[in-house]
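Undergrad: Take this structure first; my questions come after.
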Amino acid sequence: MNLSPLQKEIIALLRERKAILLVHYYQRREIQEIADFLGDSLALCMEAAQTDAKIIVFAGVHFMAESAAILCPDKTVLIPRPDAGCPLADTITPEQLKKAKEDHPEATVVTYINSTAEIKALSDICCTSANALDVIGSIRNAKEILMVPDGNLARYTARFTDSKILPWEGVCPVHQALTPEEVRSRKTEHPDALFIAHPECRPEVLQLADFVGSTAAMLKFVHRSNRKSFIVGTESGILVRMEKENPGKILIPAAEHLICETMKYTTLEDIHAVIKDMKHVVTLDEQKRLRALSCLKKMLALSEAPVQPR
Ligand code: SF4
């Protein structure tokens, strides 16, 4: 691959500082190209906890870099764009969660990783879209499970459990914007294509899906499938990796508007500046970090390759 001078300069700076660049699948193509590690929220979390590097540059949105900082107090986590938030994470405040817990005192609180450290600190266990079913399955004797903040993920998970799931009514605006009409129209245009969707999509869209899974699961599904065409129902950034892994396959975005604005804030220039000047360090109150860590550790303990966060 031919890298640009700026990409090469960033790689040189990362090596000089003994830092690594963690990149989410929804980031811009030119950033994915220079990732030391590319992954979904769960994989990035695990990589942050396992790496020997003392400096982590996190190209993603804020809650992701914050999760790395929760897991790695002995490492310096830099976020190139501190203003890159997640509108889904912003759909619940600590006060709202405290009130919901008062209203449902016996409920176990399962919090999607797309949440702030404050929300994680008030929760029992974390989950991602890759492991939500395992997390719910690990909870014994729960009368009720309060799943926050993504209502669509909660409703999707509820289909596979007898536990009573109480969904918080937050949504990811990117996935929520995909309509069943758009999916039907794409299916009509591409009758041989399988439709794959992320569980953050609305239930009416998921009903049309041939496969529902996290970004990592969608990548695996397309790679293993012997079908040729896929309509992809998640943020368009995933197509960079999907195309690379599947040169002969036809990958069609379910809609052109599946673009997360804040995921695209981060540019190569931002990454260069942050590593050059060692700025935008993610910091956390220690008490809050420890409470949020407990929530994340319980989830990671269920992962296939358990890590040892401090
Ligand atoms: S795609 Fe949705 S859930 Fe992911 S960062 Fe963007 S707004 Fe948040």
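Undergrad: Among the residues of segment 80-91, is any of a type in the set (A, V, I, L, M, F, W, C), in contact with a Cys (Cβ under 9 Å, 6 or more places away or on another chain), at pLDDT 95 or above and not in a strand (DSSP E or B)? Full working, then the answer.
TA: Pass one, segment 80-91, residues of a type in the set (A, V, I, L, M, F, W, C): 84, 86, 88-89.
Next cut, in contact with a Cys (Cβ under 9 Å, 6 or more places away or on another chain) only: 86, 88.
Filter again for at pLDDT 95 or above, leaving 86, 88.
Subsequent filtering for residues that are not in a strand (DSSP E or B) retains 86, 88.
Among the residues of segment 80-91, at least one is of a type in the set (A, V, I, L, M, F, W, C), in contact with a Cys (Cβ under 9 Å, 6 or more places away or on another chain), at pLDDT 95 or above and not in a strand (DSSP E or B), which makes the answer yes.
Undergrad: Return yes when Val174 is crowded, with 23+ Cβ neighbours inside 10 Å, at pLDDT 95 or above and part of a helix (DSSP H, G or I) and no when it is not.
TA: Values: crowded, with 23+ Cβ neighbours inside 10 Å: yes; at pLDDT 95 or above: yes; part of a helix (DSSP H, G or I): yes.
So Val174 passes the test.
Undergrad: Yes or no: segment 222-240 includes at least one residue that is in contact (Cβ under 8 Å) with a residue 12 or more places away in the chain, under 19 Å from Leu71 (Cβ atoms) and surrounded by 13 or more Cβ atoms within 10 Å (Cβ to Cβ).
TA: Narrowing segment 222-240 to residues in contact (Cβ under 8 Å) with a residue 12 or more places away in the chain: 222-223, 225, 227-240.
Subset that is under 19 Å from Leu71 (Cβ atoms): none.
Looking for residues that are in contact (Cβ under 8 Å) with a residue 12 or more places away in the chain, under 19 Å from Leu71 (Cβ atoms) and surrounded by 13 or more Cβ atoms within 10 Å (Cβ to Cβ), one finds none in segment 222-240, hence no.
Undergrad: Within segment 251-272, track down each residue that is exposed (fewer than 14 other Cβ atoms within 10 Å of the Cβ) and more than 16 Å from the ligand (Cβ to nearest atom).
TA: Restricting attention to segment 251-272, the residues satisfying the condition of being exposed (fewer than 14 other Cβ atoms within 10 Å of the Cβ) are 256-257, 261, 269.
Across segment 251-272, the qualifying residue is only Glu269.
Undergrad: So how many residues does segment 76-90 have that are of a type outside the set (Val, Ile, Thr), more than 13 Å from the ligand (Cβ to nearest atom) and open to solvent by less than 60 Å² (accessible area, probe 1.4 Å)?
TA: Qualifying residue count, segment 76-90: 2.
Undergrad: Sort out which residues of segment 36-72 are part of a loop (DSSP other than H, G, I, E, B), among the small types (Gly, Ala, Ser) and away from the ligand (no atom under 16 Å from the Cβ), and write them in order of number. Talk me through it step by step, then tell me what you get.
TA: Step one: list which residues in segment 36-72 are part of a loop (DSSP other than H, G, I, E, B), which gives 36, 40, 51-54, 60-61, 72.
Subset that is among the small types (Gly, Ala, Ser): 53, 60.
Ala53 - this is the single residue of segment 36-72 that is part of a loop (DSSP other than H, G, I, E, B), among the small types (Gly, Ala, Ser) and away from the ligand (no atom under 16 Å from the Cβ).
Undergrad: Follow-up question, since we're still on this one. Does segment 149-162 include one or more residues that are within 16 Å of Ser67 (Cβ to Cβ) and modelled with pLDDT of 95 or more? Spell out how you get there, then give the answer.
TA: So in segment 149-162, the residues within 16 Å of Ser67 (Cβ to Cβ) come out as 149-150.
Checking which are modelled with pLDDT of 95 or more leaves us with 149-150.
Yes; the residues of segment 149-162 include at least one that is within 16 Å of Ser67 (Cβ to Cβ) and modelled with pLDDT of 95 or more.
Undergrad: Kindly indicate whether Met299 is within 15 Å of Leu194 (Cα to Cα) and buried (at least 18 other Cβ atoms within 10 Å of the Cβ).
TA: No; evaluated as a whole, the condition is false for this residue.
Undergrad: Which pairs turn up if I take residues in segment 118-137 that are free of Cβ contacts under 8 Å to residues at least 40 places away in the same chain and look for partners that are open to solvent by 20 Å² or more (accessible area, probe 1.4 Å) and not aliphatic (A, V, I, L, M) with beta carbon separation below 6 Å, at least 6 apart in sequence or on another chain?
TA: What qualifies is Leu133/Phe160; Ile136/Thr161.
Undergrad: Looking at segment 91-98, can you tell me whether even one residue there is among the hydroxyl-bearing types (Ser, Thr, Tyr), within 16 Å of the ligand (Cβ to nearest atom), within 26 Å of Ala216 (Cβ to Cβ) and open to solvent by less than 10 Å² (accessible area, probe 1.4 Å)?
TA: No, that holds for no residue.
Undergrad: Of all residues in segment 192-221, how many are small (Gly, Ala, Ser) and exposed (fewer than 15 other Cβ atoms within 10 Å of the Cβ)? Lay out the reasoning, then the answer.
TA: Initially, segment 192-221 is screened for residues small (Gly, Ala, Ser), giving 193, 197, 209, 213-214, 216-217.
Now drop any that are not exposed (fewer than 15 other Cβ atoms within 10 Å of the Cβ), which leaves none.
Summing the residues that are small (Gly, Ala, Ser) and exposed (fewer than 15 other Cβ atoms within 10 Å of the Cβ) in segment 192-221 gives 0.
Undergrad: Sticking with this one: Starting from segment 142-165, take each residue that is in contact (Cβ under 8 Å) with a residue 40 or more places away in the chain and list its partners that are among the basic types (Lys, Arg) and open to solvent by 30 Å² or more (accessible area, probe 1.4 Å), counting only C-beta distances under 8 angstrom and pairs at least six apart or across chains.
TA: What qualifies is Glu144/Lys164; Leu146/Lys101; Asn152/Arg202.
Undergrad: Kindly indicate the residue of segment 141-181 that is charged (D, E, K, R) and under 22 Å from Leu97 (Cα atoms) and also farthest from the chain's Cα centre (by Cα) among those meeting that condition. Give the derivation first.
TA: Initial filter on segment 141-181 (charged (D, E, K, R)): 143-144, 150, 155, 159, 162, 164, 169, 181.
Within this subset, residues satisfying the condition of being under 22 Å from Leu97 (Cα atoms) are 143-144, 150, 155, 164, 169.
Details: Lys143: 28, Glu144: 25, Asp150: 12, Arg155: 18, Lys164: 25, Glu169: 18 Å.
The residue in question is Lys143.
Undergrad: Another question about this same structure. Which one is surrounded by the most Cβ atoms within 10 Å (Cβ to Cβ) among residues in segment 33-73 that are among the polar types (S, T, N, Q) and within 20 Å of Thr215 (Cα to Cα)?
TA: So the first thing to find is which residues in segment 33-73 are among the polar types (S, T, N, Q), and the list is 41, 50-51, 67.
From what's left, within 20 Å of Thr215 (Cα to Cα): 41, 67.
On the way: Ser41: 25, Ser67: 30.
For segment 33-73, the residue satisfying everything is Ser67.
Undergrad: How many residues does segment 107-117 contain that are in contact with a strand residue (DSSP E or B) (Cβ under 6 Å, 6 or more places away or on another chain) and either assigned to a loop (DSSP other than H, G, I, E, B) or open to solvent by 60 Å² or more (accessible area, probe 1.4 Å) (or both)? Working first, answer last.
TA: Initially, segment 107-117 is screened for residues in contact with a strand residue (DSSP E or B) (Cβ under 6 Å, 6 or more places away or on another chain), giving 107-113.
Subsequent filtering for residues that are either assigned to a loop (DSSP other than H, G, I, E, B) or open to solvent by 60 Å² or more (accessible area, probe 1.4 Å) (or both) retains 113.
Looking only at that region, the number is 1.
Undergrad: Taking into account only those residues within segment 238-250 that are touching a strand residue (DSSP E or B) at 6+ places or on another chain (Cβ under 8 Å) and of a type in the set (Lys, Arg), which is nearest to the ligand (Cβ to nearest atom)? It would help to see each step written out before you state the result.
TA: Taking segment 238-250 first, the residues touching a strand residue (DSSP E or B) at 6+ places or on another chain (Cβ under 8 Å) are 238-239, 241-243, 249-250.
From what's left, of a type in the set (Lys, Arg): 241, 249.
Numbers: Arg241: 15, Lys249: 23 Å.
Residue satisfying both the conditions and the ranking: Arg241.
The values are calculated or read from the model by the stated rules, or taken from the named source; none is laboratory data. Every value quoted in this text rests on a predicted model; they were computed, and no experiment measured them. Glycine gets a Cβ as well: all are built from the backbone with ideal geometry, and neighbour counts include every protein chain shown. Please note that ligands, DNA and RNA were not included when accessible areas were found on the heavy atoms of the full protein model with its side chains. Shrake-Rupley method; radii C 1.70, N 1.55, O 1.52, S 1.80 Å.
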